[in-house]
Amino acid sequence: FEQQLVVVVDRAAEKARLRQRVTELERRVGQQYRFESMIGDSPELQRVQQLARQVAPTDSTVLLEGPTGSGKELFAQAIHQASGRQGKAFVAVNCSAFPKDLLESELFGYKKGAFTGALSDKKGLLAEANGGTLFLDEIGELELTVQAKLLRVLESQSFTKPGDTTPTSVSTPPVA
């Protein structure tokens, strides 16, 4: 009995140490993605930062525009960290990196048996980011049918996975 008690106490202590470490790492990551950590002081950058700070506390969907490499994901991270969702997931998806037929399954997930090869349920990225932020990079590369499905998610805050009959609710304001 004493040996079992020692094992339980050791596990509890390890769990406490891991929680403390995770908290510290989350704090460090949060500091890395703050508006104050952005390099530059041009009037344009300051104006965009001010707009992003204003939208961050809301649950609005945000559209970030700019060429590749202009810092859209950095802004999305900063908005996430300045929001009430900062303790939740930040999921970044490069829409141009997925084959067109695979991205829909990755975003929405599916139920076992929905199609050939669906051997088990798959949780989609929308559900993974639930309560947090979903960053959709290169959203213009999505097929129009998938864009329409995403619009429906924005409007209704829910979607139905392929092979499922029950809608999945999400409260994830995407940043695109």
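Taking region 35-52 only, how many residues are crowded, with 16+ Cβ neighbours inside 10 Å and assigned to a loop (DSSP other than H, G, I, E, B)? Steps first, please.
Residues of region 35-52 crowded, with 16+ Cβ neighbours inside 10 Å: 35, 38, 48-49, 52.
Subsequent filtering for residues that are assigned to a loop (DSSP other than H, G, I, E, B) retains 38.
Qualifying residue count for the region: 1.
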The one condition Q86 fails out of (1) open to solvent by 60 Å² or more (accessible area, probe 1.4 Å); (2) in contact with a helix residue (DSSP H, G or I) (Cβ under 7 Å, 6 or more places away or on another chain); (3) more than 24 Å from Y33 (Cβ to Cβ); (4) not basic (K, R) is (3)
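Could you tell me which of the residues D164, D101, D137 is over 19 Å from T58 (Cα atoms) and in contact (Cβ under 8 Å) with a residue 60 or more places away in the chain? Don't jump to the end; show me each part of the working.
Working: D164 fails: in contact (Cβ under 8 Å) with a residue 60 or more places away in the chain; D101 fails: in contact (Cβ under 8 Å) with a residue 60 or more places away in the chain.
When all the criteria are applied, what remains is D137.
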Quick count over region 53-77, residues being in contact with a Lys or Arg (Cβ under 9 Å, 6 or more places away or on another chain), surrounded by fewer than 18 Cβ atoms within 10 Å (Cβ to Cβ) and more than 15 Å from G132 (Cα to Cα), is 2
If we take region 91-175, then helices (runs of 4 or more DSSP H) inside it with 3 or more residues that are open to solvent by 60 Å² or more (accessible area, probe 1.4 Å) are 100-108, 144-156
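Got a number for residues in region 14-30 being modelled with pLDDT under 80 and either open to solvent by 90 Å² or more (accessible area, probe 1.4 Å) or not in a helix (DSSP H, G or I) (or both)? Full working, then the answer.
So the first thing to find is which residues in region 14-30 are modelled with pLDDT under 80, and the list is 23-30.
Going one step further and asking which of them are either open to solvent by 90 Å² or more (accessible area, probe 1.4 Å) or not in a helix (DSSP H, G or I) (or both), we end up with 26-28.
The number of residues fulfilling the criteria is 3.
The values are calculated or read from the model by the stated rules, or taken from the named source; none is laboratory data. Note that this is a predicted model, so its numbers are computed, not measured. Note that each Cβ is placed from the backbone with ideal geometry, even for glycine, and that neighbours are counted across all protein chains shown. Just the protein is used for accessible areas: all its heavy atoms, side chains included, with ligands, DNA and RNA removed. Shrake-Rupley method; radii C 1.70, N 1.55, O 1.52, S 1.80 Å.
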